[in-house]
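Novice: Dumping the structure here so I can ask a few things about it.
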Amino acid sequence: MNDLKKANALTKPMEAIKGFSKLSKSAKVEWVCSHFEDPEQAYNVLGIYWNEDVSLQKLHDEFIENTITNYYLPFGVAPNFLIDNRMYCVPMAIEESSVVAAAAKAATFWMTRGGFKTRIISTTKVGHVHFAYWGDYEKLLNFFNSRVKELLFKESESLTKNMRARGGGIKDILLINKTYEEENYYQLMCSFETCDSMGANFINSCLEQFSRTFRREIENSDLFTDREKELQIIMCILSNYTPECLVRAEVSCKVEELEDEKKEYTWQEFIDKFEKAVHIARIEPYRATTHNKGIMNGIDSVVIATGNDFRAVEACAHTYASRSGQYRSLTDVKVENGVFTFWIDVPLSLGTVGGITSLHPMVRFAMEMLGKPNASQLMGITAVVGLAQNFQALRSLVTSGIQKGHMKMHLLNILNQLEATEEERKVIVKYFETDTVSHSKVIELFCELRGVNSLEEIKK
């Protein structure tokens, strides 16, 4: 039994602790490990993942709070992505088997059919000052347009100077009446261009400055009653829903080029089922959820590898998929005049400067491998991987089925869980070259090789 299994049980539940954040790293580790059945082995598990380079470990420790070790994800690459007539080898950080293989397979398929094309539709990002106001809306609107709006731009110039020098800044500020949904609720809806940065800190700093200027002007004006001057700033925060920060990625080819090389199906059969599969994901939320999850397998893995915020990207993508009032597929397909076209429109708020992009060594490696893309180029690359992932998943689903390839990739995980020897692995992998992998059959073969009837006998 390995160290990980020895240390996986707590002897007592975790109790509350005061001042944990003020403890040294070693004290935090000691406190956590003291609750395990074998504290020494628990400590060893954490220590396995510490970096021997002290300065590098210190860098990782300071990315977040209360760090006790590092958590590794596999960092893979998918070659042969021809995107806008340029070849890429794309970094992908993900723990799920078959994702990288599927992306690479789709990339190779489309490399000889013109590759992927991308188009940035817009790069606008949004933030809000949410506030409550007790008074006449028309009075507030007129005052905002005639007096306040210009001041908001002017008094935030020190914050926007560097961004404006790079071609970005504040695009517009609108007063929005939301009282039909929540009593006395209004917004300043603000749009921004943040160039190659994701821009969260920039946007939030601007919004907080807007709120100060806005409230001051209301309080100092003779146009408003005392009650109206009690304008309440509720919060100032960017939105991770960025439907105008949008990219399209697509592939297309003549329908005959979709013919199966192994002659297991015709291009007519493939297109008929492929179209129906996409249309089902457009109308059936149960299918759309799994359909889009597969897309995000590809997108998230690139987002993580390049040091961007995959939670924000996920939230935005799923909100965008629901913009019609029903959750739908992010991809679509059409066949016109003998040409098959498959595409994705997806909002992606990404950055190539700021955050950890210049700090994390593997993020720097990923960016350099991609040729140091700007934010728009990274949007295109990321959308392409999501499209590729979806194409290959649908291609498998409507032909051989999803499990044939997926379970062969999953086989290694099962063998690792069983702690199979190298010789046992070779025998079992060889067996499944011509048979579909199932967990029960792997266990059966493993027990046969060990000369036992069940895993319980091995554990004894």
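Novice: Helix 200-219: angle to the longest alpha-carbon principal axis of the chain, degrees 0 to 90, nearest 10?
Specialist: 20
Novice: Angle between the Cα long axis of helix 285-305 and the longest principal axis of the chain, 0 to 90 degrees, nearest 10?
Specialist: Relative to the chain, helix 285-305 is tipped by roughly 90 degrees.
Novice: Now for a different question. Which loop-located trypsin sites (Lys or Arg not before Pro) does region 247-311 contain, where loop means any DSSP state but H, G, I, E or B and the Cβ has at most 15 other Cβ atoms within 10 Å?
Specialist: Those that pass, being in a loop and sparsely packed, are Lys262, Lys263.
Novice: Would you mind telling me the antiparallel percentage of the DSSP bridges in the chain, rounded to 5?
Specialist: Counting DSSP beta bridges with both partners in the chain, the antiparallel share is about 95 percent.
Novice: Quick one: the Cα spread of region 330-460 along its three principal axes, in angstroms, biggest first?
Specialist: Extents along the principal axes: 58, 49, 20 Å.
Novice: Just the Cα atoms of region 125-238, one point each, no solvent: what log10 I(q)/I(0) does Debye give at q = 0.10, 0.14 Å⁻¹?
Specialist: Cα-only, vacuum Debye calculation for region 125-238: -0.28, -0.54.
Novice: Ok, one more. Classify the chain: rounded, prolate or oblate, from the alpha-carbon gyration tensor (a ≥ b ≥ c, eigenvalue square roots; a/c under 1.5 rounded; otherwise prolate if a/b is larger than b/c)?
Specialist: Judged from the Cα gyration tensor, the chain comes out oblate (a/c at least 1.5, b/c at or above a/b).
Novice: Here is a further query. Counting Lys and Arg as +1 and Asp and Glu as -1, each charge on the Cβ, what is the dipole of the chain about the Cα centre in debye, to the nearest 20?
Specialist: So the dipole magnitude of the chain works out to roughly 560 debye.
Novice: Whole-Hz Karplus ³J(HN,Hα) for region 12-26, in order, using 6.51 cos²θ - 1.76 cosθ + 1.60 and θ = phi - 60°, x for Gly and Pro?
Specialist: 8, x, 5, 9, 5, 9, 9, x, 4, 5, 8, 6, 5, 4, 5
Novice: Can you tell me how much longer the chain between Glu269 and Gln326 gets when fully stretched, taken as 0.36 nm per residue apart minus their C-alpha distance, in nm with one decimal?
Specialist: Stretched out fully, the Glu269 to Gln326 stretch lengthens by 17.6 nm.
Novice: Oh, and also: In percent, how large is the relative contact order of region 125-238, given Cα pairs closer than 8 Å and 6 or more residues apart?
Specialist: Answer for region 125-238 is 44 percent.
A short reminder: the numbers here are calculations on the coordinates, not readings from a lab. The model shown is predicted, which means the values in this text are computed figures rather than measured ones. Ideal geometry is used to build each Cβ from the backbone, glycine not excepted, and the neighbour counts take in all protein chains shown.
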